[in-house]
1. Tell me the mean residue ellipticity at 222 nm calculated for the chain from its helices only (DSSP H runs of n ≥ 4, each -39500 (n - 2.57), averaged over every residue, nearest 500).
2. Residue by residue, what Karplus-based ³J(HN,Hα) values in Hz, rounded to whole numbers, does region 372-383 have, using 6.51, -1.76 and 1.60 with θ = phi - 60° and x for Gly and Pro?
3. Can you match percent of Cα pairs over 30 Å apart to one of these, [x] 55; [y] 65; [z] 59, based on a calculation from the structure here?
4. Using the Karplus equation 6.51 cos²θ - 1.76 cosθ + 1.60 (θ = phi - 60°), what ³J(HN,Hα) coupling, rounded to whole Hz, does each residue of region 183-194 give in order, writing x for Gly and Pro?
5. What distance in nm lies between label points placed 7 Å from Cα along the C-beta direction at Leu393 and Ser501?
6. Would you mind calculating the gained length between Ser443 and Gln50 on full extension (0.36 nm times residue separation, minus the Cα-Cα distance), in nm to one decimal?
7. Kindly state, to the nearest 0.05, the FRET efficiency for Ile357 paired with Lys330, given R0 = 22 Å and r defined as their beta-carbon distance.
8. On the accessible surface of region 57-203, probed at 1.4 Å, how many percent belong to carbon and sulfur atoms?
Amino acid sequence: MRFWENPEFVRHARAELRPARALTAAVLALVICGLVGLSSWGSTERNNPQEFFKVFYLWIMGMQFVVLTFWCASACGHAISREREMKTYDFLKTTRLTATELMVGQILGVPILAYFTVGCTVPVSVLLGILAAYPLSTIFWTSVLLVALALFVSVMSLWASMQLEGTSARSIGLLIVVPIAFGFGFAESTFPGFGAISIFPALLQLYKSNADMVRTVPTFYGRPVSFVFFTLILYATLGGWFALMLTRNLKKDLDQIRLLSRWQAIGFAVFLNILFYAFLDPARIVPGGSYLYTGDARYLRVGPVSTLAVSVNALILFVIGIAMLSPHEKLKVWWRKHAAGESGYLSETGPPWPWLIPAAVIAYALLVGEALGLQGSISVDQWNLRGAAIELLVCLVFVTGDILFLQWISLMQLKRPVATGIFYLVLYYTAAIILASVLSIVSPEVSRFLLGLLTPFSVFAIEGSPSSAIQAGAWPGIYAGLVAQVGVILLLLRIVSVRLSRPAVVPVVSEG
């Protein structure tokens, strides 16, 4: 189905582009262009018309990016939650339109007035760009980036709106703009390609700015690539994953949402790992393994690169664990089938924790592959693969316990179980760190033991410590923490099984 024939798109287009409203938006946009032109004329020299056109064009182009980005974030961030507030969401769930057709209609239709308003200024900006002597290729790729950014923000905001209720959805949609606006700091790090999540490096590179971030050359597996390419690739691939989550859950109630299937979650983890190693600039890895950083954020010592990879994968495991959490009803059905011997633990409707193990194994295999791929310039022994295996094991055990805790919380059928569970986890880890910090004043040995017992952070802290005595003193706490966490996992498994074993409560109807 062509998008302009999509009933959901037509519904929003008719509501937003009523003649009077569309005419008002077009006139207002052109009036603002005129005012910007007068301001630009007053700020440039009269005998330099090309400078005037350049300033005028840059202002209009900048306003197009700002208006379209924030408008799409606000409109799509409130789209689905507004349907729930107006009690019309059931129409979306029961319509014959597929989830993909609904998603396309929402992404293109909800902010249609924003596209129309900015579109009215596009002929003006193109003409100004030509008069300012900018190459047509530069003007073309600017327009491509503008559309790509609007679509990416719309997908992300609609994804956030799908999982939230009330007015908070609109604010969450606007918060999505923050990393897009300020993610350019990665351009001067060991992973310059991640700076392309912000639109600024690509635009500054297109217009040959002298900013420091533009002098940085991002690499894709060691090969230099432009920021424009990176930005488009990031928006397309990341947007594709979140669009997949939308199509899986757009017609489901909040308590039935499961963002990804088991294999999709593992694929997402592999994708994020591939991005991590693809954007790592080998030229910015320097010899040495005692400390994580070299004093210059643009360079990283080779030894702790594996530690950084493990810490990133710990976060990835936690994220995909949340994405795989099973709804209460489906987990209950799985438990009955499992008790009857009809379904195993590696089931699509079963608990998520067994799937964390293959995800961790694949992550470690990719780390080994990266070390082997760079052995021409960096020897494999400098990657500390043995230490990385221990770190990943510690993270896997703790993340498994955390995901089991979240699954148990979700069985309590609270209003926002995942958010509540994450709040409790943050509170626990914060309290553990504060307690360890206070005890470090009295007894550093006890503090290190407690940190290893209660959290996985100690295994990363010893990597950056040059003192062998400190490292030796921290290991007992780490080993004790592994044993304790395995006990917590077994306890949570028992609690979850007891919860699932409860018979359904059926109300008894009185005969009298």
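The values are calculated or read from the model by the stated rules, or taken from the named source; none is laboratory data. All figures in this text were calculated on a predicted structure; none of them were measured in a lab. Every residue, glycine among them, receives a Cβ derived from its backbone with ideal geometry; neighbour counts consider all protein chains shown. Side chains are part of the model used for accessible areas, which takes the heavy atoms of the whole protein and leaves out ligands, DNA and RNA. Shrake-Rupley method; radii C 1.70, N 1.55, O 1.52, S 1.80 Å.
1. -23000 deg cm²/dmol
2. 5, x, 9, 5, x, 10, 10, 5, 5, 5, 6, 7
3. Here the calculated entry is [z].
4. So the Karplus estimates, Gly and Pro as x, are x, 5, x, 5, 4, 10, 10, 6, 10, x, x, 5 Hz.
5. 3.1
6. 134.5 nm
7. 0.55
8. Accessible surface attributable to carbon and sulfur in region 57-203 totals 77 percent.
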